[in-house]
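Notes to accompany the following structure.
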Amino acid sequence: MLYSRILLSLSLLLALSSTAFSENLPDTDINKEFKSIKLSDYIDTNQVSAEMAAAKNRFMLQPKAIQFDALLLQPPKPGKFSLVYDALSLWQSNSPLPTVDHSAFLQTDDERVIAVYVSSVAAEQLKAIAAQNSKKPQKSHIYAVHIYNYAKGPRLVVIGASPLSKQ
């Protein structure tokens, strides 16, 4: 319970401070709270069993804060995602939940694609990154919360993003 309060407090902090996602992030306390991962490896290690996948079951997890680099394939699209709130509500907290009203697709270094939920704050950040060069997808540094596993691997809520330096 304490961990979820801390994590949701971080989410609120990130939502209130878009300046935390400048192009060259310093080694801040926020960066230390988010475990750095390689997205392709993370997908491999967060699979559900074949039986769970066939039954379209999800394995709900205590939220984990992670950060990684990925290619944003297109700007986030709006939608309604009640399952995010169902998953987050399993972990009691007095902190407000982030507004999750978008989704997007990210590509790993080995060219696998993963669907992610996106908070409203992160959606604006990702749209700005996509607008920098609309002719090709943009590599971004992503801050996310891992909330469950399902047939296609981990399900993440992106709560912040920053562009990477020129590629």
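The values are calculated or read from the model by the stated rules, or taken from the named source; none is laboratory data. Because the structure is predicted, anything quoted here is derived from the model rather than measured. Positions of Cβ are backbone-derived with ideal geometry, glycine not excepted, and every protein chain shown enters the neighbour counts.
If I filter the stretch 133-144 for residues that are in contact with a His (Cβ under 8 Å, 6 or more places away or on another chain), of a type in the set (S, T, Y) and over 14 Å from I37 (Cβ atoms), do I get at least one hit?
At the first step, the residues of the stretch 133-144 found to be in contact with a His (Cβ under 8 Å, 6 or more places away or on another chain) are none.
The answer is no; no qualifying residue exists.
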Do you know which residues across the stretch 36-64 are over 19 Å from F105 (Cα atoms), modelled with pLDDT under 95 and not in a helix (DSSP H, G or I)? V48, S49, A55, K56, N57, R58, F59, M60, L61, Q62, P63, K64
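So which of S134, S103 ends up being free of Cβ contacts under 8 Å to residues at least 40 places away in the same chain and out of contact with any strand residue (DSSP E or B) (no Cβ under 7 Å at 6 or more places or on another chain)?
Numbers: S103 fails: out of contact with any strand residue (DSSP E or B) (no Cβ under 7 Å at 6 or more places or on another chain).
One residue alone meets the criteria, S134.
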Could you grab me the full set of residues in the stretch 76-122 that are part of a loop (DSSP other than H, G, I, E, B) and crowded, with 18+ Cβ neighbours inside 10 Å? P76, S93, P98, T108
I'd like to know if the stretch 128-136 contains one or more residues that are small (G, A, S) and touching a Phe, Trp or Tyr at 6+ places or on another chain (Cβ under 9 Å). no
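Using the structure shown, decide if A123 is of a type outside the set (D, E, K, R) and over 16 Å from the mean Cα position of the chain (by Cα).
no
Residues S95, S140: which one is under 18 Å from L164 (Cβ atoms), touching a helix residue (DSSP H, G or I) at 6+ places or on another chain (Cβ under 8 Å) and small (G, A, S)?
Numbers: S95 fails: under 18 Å from L164 (Cβ atoms).
Result of the check over S95, S140: S140.
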V157 meets each of (1) at pLDDT 95 or above; (2) of a type outside the set (D, E, K, R); (3) in a helix (DSSP H, G or I) with one exception, condition (3)
State yes or no: is L71 closer than 15 Å to R155 by Cα, out of contact with any helix residue (DSSP H, G or I) (no Cβ under 7 Å at 6 or more places or on another chain), of a type outside the set (G, A, S) and surrounded by 14 or more Cβ atoms within 10 Å (Cβ to Cβ)? no
